[in-house]
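Novice: Before I ask anything, here is the structure I am working with.
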Amino acid sequence: MDLLSVSEVAPAKAELAALSQKATHVLELARSQECEAQRPFFFEFAGTPKSGKSTIIGIVSHFLHRTGFSVVQPVEGASLRTPETLRDDWLAFNAWSVCCALHHILEMAHEKEPPEIVLLDRGLFDAAAWMEFLEASQGRLSDLDRAVITDFLMLDLWRKREVAVFLFTADRQTSLARETHCKLTAEHGSVMNPEILAGLNDAYLRAAERLKCQFSIGHVDTSFQGDQAPSFQRIAYVVAERMLDLMHDILDQQLLVTDPVDFEGLEESPEKTGDVVDHILNRGNPRFMERTVAEKTRSCVQVVPYAYLMNSEGRYFVARRRADHPRAELRGTYTMLAGGHAEQKDWDQAAPERIFETCLQRELDEELIGLQIQGIRRIGVLNDSRSTVGTHHLAILFEVKIGGAPKVRRQATDQEFGREAVSWQTREEITKMVSELDPWSQLVAAREFGVELPVLKNEPTLFTRSKKA
């Protein structure tokens, strides 16, 4: 958890101008043809009552809208939408609220045209903090029940959608002063009283410590310092800058690169493959390069773990790209491959020898629904200089055996393949259509089915990915 530095001083005009310029750059990255980042970017705003989170959401949302982003700010569950009968039962109330947040996450993550940014007023982390409070201060939950509920909230299926959490806290004196400002009574409420506010503050901070490995958490303390109140404009500035930095890191990926290899085609020999992989990883010191730089650098190749998928019936994943695909050379072509660029985050999240499998699983999870991986086996290294883009990529090829027949996520289907274009084909069916496969899929078909490679047409472009949601 990072404590974000704020003050009572509003940002200067020069700071605001620089922030606007940064937002424009991030927006350009988000809308570029090469962008592979999943949309939308979810940011959760959590915190104690009267800590200022709703006010900050409004200021940040206004800024993002005015700089061109498509932004959605769903109505929080803990609002006037909450059934009145739940308000006295804090466990039911917060369970209902987080179900609303989860509903928003799932719905917007699967929209055909999702927004670029979603600002969640209370989400998964906030609910976990309330469970912490209900266990420690209220005795409403056992440690086991709290852990079970929190484990559900932390499932990768939805937790990983949240880019960051902004946690707002204020001491009880500050919260109560804000609560009674311009009011006609200073009487305490069921939550707005010193004891409950103190317990909530402690619970939020314990939850942040407990879940610091699950979320990127930025903590903002909005308490009065003496008689000085922090500038909400400054707080919003700090939060917006942090959001833009996080989005920039995701959008301008740090790609794994290596030197070009000295062979053509698919190399399956364990010795040769091992040498190539060892060179890529440079014995624990791999090379990463910003995507915008890597695309212009011809002295290296980008490493892309890719796989062909086979289900329990012996059928292979095949997808036909849309006839109006943004890349003319890919229009109407078939592919047997799924995967994508290995990135710095894959290296950071796994043991060095697992970077390719980690990347591959991440990419498959982003593109396929209901994936049940039963086995992953590395086949070899694939290099093909027959195409322009192929000369700038090196594939680590895998065979992935799966259960069932998972579907492609709607966003990927609609934007790249079309709704009826994904199928599971037998080897006989693929053999008949080999001339319609993209070049790297042809190499896979030659290896897997023993077919002859057809002559390439018009130097097709490989591994050029359309914008991914």
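Where a number appears in this text, it was derived from the coordinates with a stated rule and is not lab data. Note that the coordinates shown come from a computational prediction; the quantities given were computed from them, not determined experimentally. Note: ideal-geometry Cβ built from the backbone for every residue, glycine included; neighbour counts use all protein chains shown.
Novice: Assuming R0 = 30 Å, what is the FRET efficiency of GLU111 and PHE232, from their Cβ-Cβ distance, to the nearest 0.05?
Specialist: Computed FRET efficiency for GLU111 and PHE232: 0.45.
Novice: Using Cα-Cα distances under 8 Å and only pairs 6 or more residues apart, what relative contact order does the chain have, in percent?
Specialist: Over the chain, the number comes to 18 percent.
Novice: Hey, of (1) 28.7, 99; (2) 25.5, 85; (3) 26.3, 99, which did the structure itself give for Rg and Dmax of the Cα atoms in Å when calculated?
Specialist: Read-out taken from this structure: (2).
Novice: Across the stretch 255-261, in residue order, what do the Karplus-derived ³J(HN,Hα) couplings come to in whole Hz, using 6.51 cos²θ - 1.76 cosθ + 1.60 with θ = phi - 60° and x for Gly and Pro?
Specialist: 8, 6, 10, 7, 6, x, 8
Novice: What size of dipole, in debye to the nearest 20, comes out for the chain about its Cα centre when the only charges are +1 on Lys and Arg C-beta atoms and -1 on Asp and Glu C-beta atoms?
Specialist: Approximately 840 debye in magnitude.
Novice: As a test, work out the antiparallel percent of DSSP beta bridges whose residues both lie in the chain, rounded to the nearest 5.
Specialist: 50 percent
Novice: What length, rounded to one decimal in nm, is gained on full extension from LYS432 through to ASP88, with 0.36 nm per residue of separation minus their alpha-carbon distance?
Specialist: Full extension of this stretch gives 117.2 nm more.
Novice: Then there's this: Tell me what the chain gives for mean residue ellipticity at 222 nm when only DSSP H runs of n ≥ 4 count, each as -39,500 (n - 2.57), the sum divided by the residue total, rounded to 500 deg cm²/dmol.
Specialist: -11500 deg cm²/dmol
Novice: Next up: What FRET efficiency do you get for LYS401 and ASP348 if R0 is 35 Å and r is their Cβ-Cβ distance, rounded to the nearest 0.05?
Specialist: Once rounded, the FRET efficiency stands at 0.80.
Novice: Another question about this same structure. Let me have the relative contact order for the stretch 39-154, percent, based on Cα pairs under 8 Å that are six or more residues apart.
Specialist: Once divided by the residue count of the stretch 39-154, the mean separation gives 37 percent.
Novice: Separate question: Among the lysines, which have Cα under 27 Å from the Cα of LYS345 when same-chain residues fewer than 8 positions away are ignored?
Specialist: LYS22, LYS112, LYS160, LYS212, LYS272, LYS296, LYS401, LYS407, LYS467, LYS468
Novice: Using square roots of five times the C-alpha gyration tensor eigenvalues, list the equivalent-ellipsoid semi-axes of the stretch 244-335 in whole Å, biggest first.
Specialist: One finds semi-axes of 26, 24, 15 Å for the stretch 244-335.
Novice: Using r as the Cβ-Cβ distance of PHE224 and HIS279, and R0 as 41 Å, what FRET efficiency do you calculate, to the nearest 0.05?
Specialist: Efficiency at R0 = 41 Å is approximately 0.10.
Novice: Name the residue from GLN233, SER269, VAL301 whose Cα lies farthest towards the positive end of the charge dipole of the stretch 219-327, charges +1 on Cβ of Lys and Arg and -1 on Cβ of Asp and Glu.
Specialist: GLN233
Novice: Expected output is a single nm value to one decimal: the length gained when fully extending between HIS25 and GLU264, i.e. 0.36 nm times separation in residues minus the C-alpha distance. What is it?
Specialist: Taking HIS25 through GLU264 to full extension adds about 82.2 nm, to one decimal.
Novice: I need ILE196, ILE369 ordered by Cβ neighbour count within 10 Å, fewest first.
Specialist: ILE369, ILE196
Novice: Could I ask something else about it? Mean separation of Cα pairs under 8 Å and 6+ residues apart, divided by the residue count of the stretch 216-325: what relative contact order is that in percent?
Specialist: 26 percent
Novice: With angles folded into 0 to 90 degrees, how steeply does helix 194-210 sit against the dominant principal axis of the chain? Use alpha carbons for both and round to 10.
Specialist: Tilt relative to the chain: about 20 degrees.
Novice: Taking the chain as the reference, fit the longest principal axis to its C-alpha atoms, fit the long axis of helix 143-153 to the helix C-alpha atoms, and give the angle between the two in degrees, 0 to 90, nearest 10.
Specialist: So the helix axis and the longest Cα principal axis differ by about 50 degrees.
Novice: Going by how many other beta carbons lie within 10 Å of each one, how would you line up TRP424, TRP440, fewest first?
Specialist: Neighbour counts put them in this order, fewest first: TRP424, TRP440.
Novice: Still on this structure: Expected output is a single nm value to one decimal: the length gained when fully extending between GLN372 and LYS212, i.e. 0.36 nm times separation in residues minus the C-alpha distance. What is it?
Specialist: 54.7 nm
Novice: At a 10 Å Cβ-Cβ cut-off, how would you order TYR308, TYR237, fewest neighbours first?
Specialist: Listed from fewest to most nearby Cβ atoms, that is TYR237, TYR308.
Novice: State, to one decimal in nm, how far the label point of GLU271 lies from the label point of VAL191, with both points 7 Å from Cα in the Cβ direction.
Specialist: Those two pseudo-labels are separated by 6.8 nm.
Novice: State, to one decimal in nm, how far the label point of ARG81 lies from the label point of PHE152, with both points 7 Å from Cα in the Cβ direction.
Specialist: That separation, rounded to one decimal, is 1.9 nm.
Novice: Next question. State whether the stretch 158-297 is rounded, prolate or oblate according to the following rule on the C-alpha gyration tensor (a ≥ b ≥ c being the square roots of its eigenvalues): a/c under 1.5 gives rounded; otherwise a/b larger than b/c gives prolate, and the remaining case gives oblate.
Specialist: Verdict is prolate for the stretch 158-297.
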